[in-house]
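Below is one structure; the comments refer to it alone.
The values are calculated or read from the model by the stated rules, or taken from the named source; none is laboratory data. These numbers come from a predicted model, not from an experiment. Quick reminder, even Gly has a Cβ in these numbers, built from the backbone with ideal geometry, and neighbours come from all protein chains shown. For accessibility, only protein heavy atoms count, side chains too; no ligands or nucleic acids. Shrake-Rupley method; radii C 1.70, N 1.55, O 1.52, S 1.80 Å.
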Amino acid sequence: MSGSNIGSPRIAIIGGGIGGLATAAFLHQAGLRSTVYEQAPVLAEVGAGLVVAPNAARLLRRLGVLEALLRRAVRLDVGWEFRRWQDGTVLSAEDLAAACERLYGEHTYAAHRADLLEVIRSAVPPGTIRLGRRCAALALREGRPELRFADGEVVRADVVIGADGVHSVVRGAIAEPRAATYSGLCAFRALVPGDRAPSFARRPAQSLWIGPGRHLVHYPVSAGEFVNLVAFAPAGDDSVESWTARATVEEFLREFDGWDPRLVDLIRAAETPGRWALLDRAPLRRWSEGPVTLLGDAAHPMFPFFAQGSAQAIEDAAVLARCLAEDVADPVRALERYEALRLPRTTRLQELSHGRSHVNHLPDGPDQRARDRSFTELDPLIANGWIYEYDPDRVVSAGGPKEIGP
């Protein structure tokens, strides 16, 4: 890299989702400029709700955007509320209101993805985001990244960050190809207008209904304007992996036929659901090649059973920005450090999230009864403390990951 670039490397971020914009925001906070290239003509987050756990909430506060998010987010008083599929019997529930902030310094919130994207965007300086820019190819020319866009534009950068999701173009150019495997599961997502949702679903609670071969999660979002539903069921012939794929309410209802009538009524009140296949991907052994790296779903796509996909992308962004800021003269070394700090943790979360469906979906019988009894013996807020207490600054300062889970 030439001397003129040492103070301000040209950083290109491919993808303007939560991870890409969080990276631009943390880089800006660290005094580094970047350009975000987003293929969509407008910034709009598809999907519906997500859980903002303490590890993500602390970083949003650090960016100065948490208070803005709280104007639309819902603070959860109850979490990990497991209910039996037939009759809604509560198997266990966590008092988040009493313990979360005391243990981890922040509460847990539920938010619409679009609201989270908007507040993170507000921390990105004007002129950073270029819309309608679809990256078609990436190559390294004499060790320097060259990006080619669909309209023929060529951009050369000093650092490229692939935050372009599960179908990442950047990953395809730098990491070993690994075909996705069929998980046998599909996901439904839907929103229920708050004025049509039953009272049990409007509570500030994250509830998980578990039963044979399926489970469903619900919580309020958008200041209670909607109740978010996300459910998992056998995929059948569905192999489309896209948040824009659609289903019907009738298809959604068929998957939960015979479940507690209150849950069926909640599904019946849903707006047009999305439906897509969950494809499984083994963790990558590496994310980086020279001055190019990956972030978020491009690096570590995970099943949503621990509600940590967005949180891990935000953590990636915080660690990556600090590594680059502390080693701006040698971005290749900075990216190697970033990967070494982040890969063990995200790999552990990928493995845990991918194994959770078996536990949630046990058929009724001895194993299911043993699982249900175990809920009273396990405090998930404590058991998952290694997830929620994570502090990127402490990890970077210590020089390595000190916890990667039990």
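Which loop-located GluC sites (Glu not before Pro) does segment 328-406 contain, where loop means any DSSP state but H, G, I, E or B and the Cβ has at most 12 other Cβ atoms within 10 Å?
Working: sites: GLU336, GLU339, GLU351, GLU377, GLU389, GLU403; in loops: GLU377, GLU389, GLU403.
Taking segment 328-406 and a limit of 12 other Cβ atoms within 10 Å, the loop GluC sites (Glu not before Pro) found are GLU377.
Under 8 Å for C-alpha pairs, at least 6 residues apart: give me the relative contact order for segment 93-183, rounded to a whole percent. Working shown, then result.
Details: 64 pairs, mean separation 13.6, N = 91.
Reported relative contact order: 15 percent.
Name the most mobile residue of ALA180, ALA311, ALA340, meaning the one with the largest mean-square fluctuation, in a Gaussian network model of the chain with Cα contacts below 10 Å.
Greatest mean-square fluctuation among the candidates belongs to ALA180.
For segment 61-146, what number results from the quotient of the Cα radius of gyration and 2.2 N^0.38 Å?
Values: Rg = 20.5 Å, N = 86, 2.2 N^0.38 = 12.0 Å.
Output field value: 1.72.
³J(HN,Hα) across segment 142-150 via Karplus (A = 6.51, B = -1.76, C = 1.60, θ = phi - 60°), whole Hz, x for Gly/Pro?
Listing the rounded values in order: 6, x, 10, x, 10, 9, 10, 9, 4 Hz.
Taking a quarter of the surface of the convex hull around the Cα atoms of segment 3-144, what do you get in nm²? Mind showing how you got there, number by number?
On the way: hull surface 49.7 nm².
Hull-based average projected area comes out at 12.4 nm².
Leaving ligands, DNA and RNA out of it, work out the accessible area of HIS107 with a 1.4 Å probe and give it in Å² to the nearest 10.
Accessible surface of HIS107 is approximately 20 Å².
If we count every other residue with Cβ under 13 angstrom of ILE129's Cβ, Lys/Arg +1 and Asp/Glu -1, where does the sum land? Before the final figure, lay out each step's value.
Values: positive: ARG33, ARG121, ARG130, ARG133; negative: GLU38, GLU118.
So the surrounding residues net to +2.
Once the piece of chain linking VAL42 and ASP95 is laid out straight, how much longer is it, given 0.36 nm per residue of separation minus the C-alpha distance between them? Don't jump to the answer; show the numbers that get you there.
Numbers: separation 53, 0.36 × 53 = 19.08 nm, distance 3.91 nm.
Once the chain is fully extended between VAL42 and ASP95, it gains 15.2 nm.
State the percentage of accessible surface on the chain attributable to carbon and sulfur atoms; use a 1.4 Å probe and exclude ligands, DNA and RNA.
Values: 8170 of 16340 Å².
Roughly 50 percent of what the probe reaches on the chain is carbon or sulfur.
What FRET efficiency do you get for GLU271 and GLU67 if R0 is 22 Å and r is their Cβ-Cβ distance, rounded to the nearest 0.05?
It comes out at approximately 0.15.
Given R₀ = 35 Å, what would the calculated FRET efficiency be for THR248 paired with ARG75, taking r from the Cβ atoms and rounding to 0.05? Mind showing how you got there, number by number?
Numbers: r = 33 Å, r/R0 = 0.95.
Result of the calculation: an efficiency of 0.60.
Using per-residue counts of other Cβ atoms within 10 Å, averaged over each peptide, order 382-388, 156-162 from highest down. Don't skip to the end; give the middle numbers.
Working: 382-388: 17.0, 156-162: 24.9.
So the peptides 382-388, 156-162, ranked by packing, come out 156-162, 382-388.
If we count every other residue with Cβ under 10 angstrom of THR35's Cβ, Lys/Arg +1 and Asp/Glu -1, where does the sum land?
Working: positive: ARG10, ARG33, ARG130, ARG133; negative: none.
Surrounding charge for THR35 is +4.
Pulled fully out, how much extra length does the chain show between SER199 and ARG333, if you take 0.36 nm times their separation in residues and subtract their Cα-Cα distance?
On the way: separation 134, 0.36 × 134 = 48.24 nm, distance 5.34 nm.
Separation in residues times 0.36 nm, less the Cα-Cα distance, equals 42.9 nm.
Roughly how many nanometres apart are two label points built 7 Å out from the Cα toward the Cβ at ALA340 and ARG373?
4.7 nm
Can you give me the accessible area per residue for the chain, using a 1.4 Å probe, in Å²? Present the calculation step by step, with values, prior to reporting the outcome.
Values: 16340 Å² over 406 residues.
For the chain, the solvent-accessible area averages 40 Å² per residue.
Based on the mean of other Cβ atoms within 10 Å per residue, sort peptides 208-214, 62-68, 228-234, 318-324 so the most packed one is first. Spell out each step's value before the answer.
On the way: 208-214: 19.4, 62-68: 16.9, 228-234: 22.1, 318-324: 26.3.
Per-residue mean Cβ counts within 10 Å order the peptides as 318-324, 228-234, 208-214, 62-68.
If you keep only loop residues by DSSP, which trypsin sites (Lys or Arg not before Pro) in segment 336-375 have at most 10 other Cβ atoms within 10 Å of their Cβ? Intermediate values should be presented prior to the final figure.
On the way: sites: ARG337, ARG342, ARG345, ARG348, ARG356, ARG369, ARG371, ARG373; in loops: none.
Counting only loop positions with at most 10 other Cβ atoms within 10 Å, none of the trypsin sites (Lys or Arg not before Pro) in segment 336-375 qualifies.
Work out how far the C-alpha atoms of segment 296-374 reach from end to end along every principal axis, then list the three figures in whole Å, largest first.
60, 19, 17
Relative contact order, percent, of the chain when contacts are C-alpha pairs under 8 Å separated by at least 6 residues?
Values: 857 pairs, mean separation 84.7, N = 406.
Normalised by residue count, the contact order of the chain is 21 percent.
Name the residues whose placed amide hydrogens come within less than 5 Å of the amide hydrogen of ALA136, ignoring near sequence neighbours (fewer than 5 apart) on the same chain.
For ALA136, whose amide H was placed from the backbone, the distant partners under 5 Å are ARG148, PHE149, ALA150.
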